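S.K.: One structure, as C-alpha cells, below. Some questions next.
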Amino acid sequence: QVQLVESGGGLVQAGGSLRVSCAASGLTFSTYAMGWFRQAPGKEREFVAGITRSGGSTYYADSVKGRFTISRDNAKNTVYLQMNSLKPEDTAVYYCAASRWGGLEESGYDYWGQGTQVTVSS
C-alpha cells in the first residue's frame, strides 16, 4: 500500500531553519506531483508548496514564498521542504501529499502522510 512518512519536524527558534522530509513507498514516485500542507491549531489545513513530477516547477503559498523551498529526489522517492526564516505563525503540523495532477487544493491529492509537528518559538 501507499505510504508517505514525514520526518524532521521539531522545535526551532524564530529566525531559524528546519528541513522536513517525506519518504514515499508503494507508488511510482516520479509519476506523482507532490505537495506540502500544514494545519495550525484551530485552523483549517492550508497549502504550503507544490512540485511537479520532474521537479522542474515549484509553487508556493504567498505566506512562505522566499522563505521555504520544496525539492524532490526521485531516485530516493523523497520530497523535502526547507524552511528558513521561520516565524511563530509557521507553527503547525506539516503534511506531505501525492497527487496525479498537483495543484493547491486538498481535494486534488490522493495520498497523505501522517504529519510532523513544527513548532517555532518566539
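S.K.: Among (1) under 14 Å from the mean Cα position of the chain (by Cα); (2) in a strand (DSSP E or B); (3) over 22 Å from Ser30 (Cβ atoms), where does Val120 come up short?
M.R.: (1)
S.K.: Still on this model: Only one of these conditions is not met by Lys65: (1) free of Cβ contacts under 8 Å to residues at least 40 places away in the same chain; (2) open to solvent by 50 Å² or more (accessible area, probe 1.4 Å); (3) under 17 Å from Arg19 (Cα atoms); (4) not in a loop (DSSP other than H, G, I, E, B). Which number is it?
M.R.: Unmet for Lys65, out of (1) free of Cβ contacts under 8 Å to residues at least 40 places away in the same chain; (2) open to solvent by 50 Å² or more (accessible area, probe 1.4 Å); (3) under 17 Å from Arg19 (Cα atoms); (4) not in a loop (DSSP other than H, G, I, E, B): (4).
S.K.: Moving on. Sort out which residues of the range 75-89 are open to solvent by 60 Å² or more (accessible area, probe 1.4 Å) and assigned to a loop (DSSP other than H, G, I, E, B), and write them in order of number.
M.R.: Ala75, Lys76, Ser85, Lys87 - these are the residues of the range 75-89 that are open to solvent by 60 Å² or more (accessible area, probe 1.4 Å) and assigned to a loop (DSSP other than H, G, I, E, B).
S.K.: Still on this structure: Quick check, is Tyr95 aromatic (Phe, Trp, Tyr), in a strand (DSSP E or B), out of contact with any helix residue (DSSP H, G or I) (no Cβ under 9 Å at 6 or more places or on another chain) and under 15 Å from Gln3 (Cα atoms)?
M.R.: The answer is yes for Tyr95.
S.K.: Name the one entry in Arg72, Arg38, Arg45, Arg100 that is open to solvent by 60 Å² or more (accessible area, probe 1.4 Å), in contact with a strand residue (DSSP E or B) (Cβ under 6 Å, 6 or more places away or on another chain) and basic (Lys, Arg). Break it down stepwise before answering.
M.R.: Values: Arg72 fails: open to solvent by 60 Å² or more (accessible area, probe 1.4 Å); Arg38 fails: open to solvent by 60 Å² or more (accessible area, probe 1.4 Å); Arg100 fails: in contact with a strand residue (DSSP E or B) (Cβ under 6 Å, 6 or more places away or on another chain).
Testing whether each residue is open to solvent by 60 Å² or more (accessible area, probe 1.4 Å), in contact with a strand residue (DSSP E or B) (Cβ under 6 Å, 6 or more places away or on another chain) and basic (Lys, Arg) leaves just Arg45.
The values are calculated or read from the model by the stated rules, or taken from the named source; none is laboratory data. Since we're looking at a predicted model, the values are computed, not measured. Positions of Cβ are generated from backbone atoms using ideal geometry, with glycine treated the same way; all protein chains shown enter the neighbour counts. All accessible areas refer to the heavy atoms of the entire protein, side chains included, with ligands and DNA or RNA removed. Shrake-Rupley method; radii C 1.70, N 1.55, O 1.52, S 1.80 Å.
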